[in-house]
Each structure stands twice: as C-alpha cells, then as structure tokens.
1. With respect to Ser83, determine if the residue is within 15 Å of the ligand (Cβ to nearest atom) and either surrounded by 14 or more Cβ atoms within 10 Å (Cβ to Cβ) or part of a loop (DSSP other than H, G, I, E, B) (or both).
2. Do the conditions hold for Pro65, that is, is it more than 16 Å from the ligand (Cβ to nearest atom), surrounded by 13 or more Cβ atoms within 10 Å (Cβ to Cβ) and not aliphatic (A, V, I, L, M)?
3. Filter the stretch 57-99 down to the residues that are out of contact with any strand residue (DSSP E or B) (no Cβ under 9 Å at 6 or more places or on another chain) and β-branched (Val, Ile, Thr) and list them by number.
4. Which residues, counting only those in the stretch 118-127, are within 8 Å of the ligand (Cβ to nearest atom) and surrounded by fewer than 20 Cβ atoms within 10 Å (Cβ to Cβ)?
5. Based on this model, can you work out whether Ser113 counts as part of a loop (DSSP other than H, G, I, E, B) and either within 16 Å of the ligand (Cβ to nearest atom) or surrounded by 15 or more Cβ atoms within 10 Å (Cβ to Cβ) (or both)?
Amino acid sequence: MTKKIIATIVVIIVGIGIYLIIPKNLPSAGPTVQDSAIKGAQLPQTETASTSGITVDIKNFSFNPGALTIKVGTKVTWTNNDSAPHTVTSSNTDGPLNSGTLTTGKSFSFTFSEIGSFDYYCTIHPMMKGSIKVTE
Ligand SMILES: [Cu+2]
C-alpha cells in the first residue's frame, strides 16, 4: 500500500511538473516575437544615426556640398581638406556659425536645433559661400 501511495505522489508531482513546464514553453513564443519587434525598432535608430551626422568637405576654395537641406537636430561637420585655411562663419552677424580659422585637416561641428535657413561664408575668402536649410 505504501508503495502505491508513493507511486501516486510521484505521478502527481511529475504531472504537476509537466503541467508547469508546458505553460512556460508556450509563453516563450511571446518573448521571441517581442525580440523581433525590438530588433525592428532598432532599424529606425540606425537610420537616425546615419542622418544625424553630415559632413561638408572644404576643398578647392569651396564648400561641398554648398547647399544642404537637413532635418532639425542634425549635426554638420565641416572639414578643411584644402591647403589654405578657411572659416565657417554665418553671413548673418548674429548667426550661430563661427568656427574660427580652420587650418588644413581641422574640423568644425555644429548641431542645428532650430528650423530656418543658415547662410555662411569663409571670412578669409568671402567668395566662398554655403547654406544650410533646416527643416522639421
Ligand atoms: Cu576660405
């Protein structure tokens, strides 16, 4: 009789164990879906990162590209790849851009946090002009 009782208890425990394991396996399909949803959410972040930094090349006494349209919050980096020194300076005296003199290889970065058009030029070579249009 004792063996039968023990056997019954073992069967019940095993049955409960199986019952507990199966529901754990079923919800695990849920987190898998959530994982892929998280992976999908990371894709736009990567796109944001790729547009968050734009480079303007200063070469042959010109800004390349000279005219840029960017989204607000975009960081623009100017790099002087010319043999001569240049500046990135707002045409408007109260404008935000004021790099100072950039010698060869030097960079200047500015993050545009306001919507609008921002014209700039090189104070050393005033014929060098560029513009940034910042949109929503
Ligand atoms: Cu210049």
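Each reported figure results from applying straightforward, stated rules to the coordinates on display, with no laboratory input. No experiment lies behind these values; they were computed from the predicted model shown. No Cβ is skipped: glycine too gets one built from the backbone with ideal geometry, and neighbour counts run over all protein chains shown.
1. Spelling it out, Ser83 is indeed within 15 Å of the ligand (Cβ to nearest atom) and either surrounded by 14 or more Cβ atoms within 10 Å (Cβ to Cβ) or part of a loop (DSSP other than H, G, I, E, B) (or both).
2. Spelling it out, Pro65 is indeed more than 16 Å from the ligand (Cβ to nearest atom), surrounded by 13 or more Cβ atoms within 10 Å (Cβ to Cβ) and not aliphatic (A, V, I, L, M).
3. Thr93
4. Thr123, Ile124, His125
5. no
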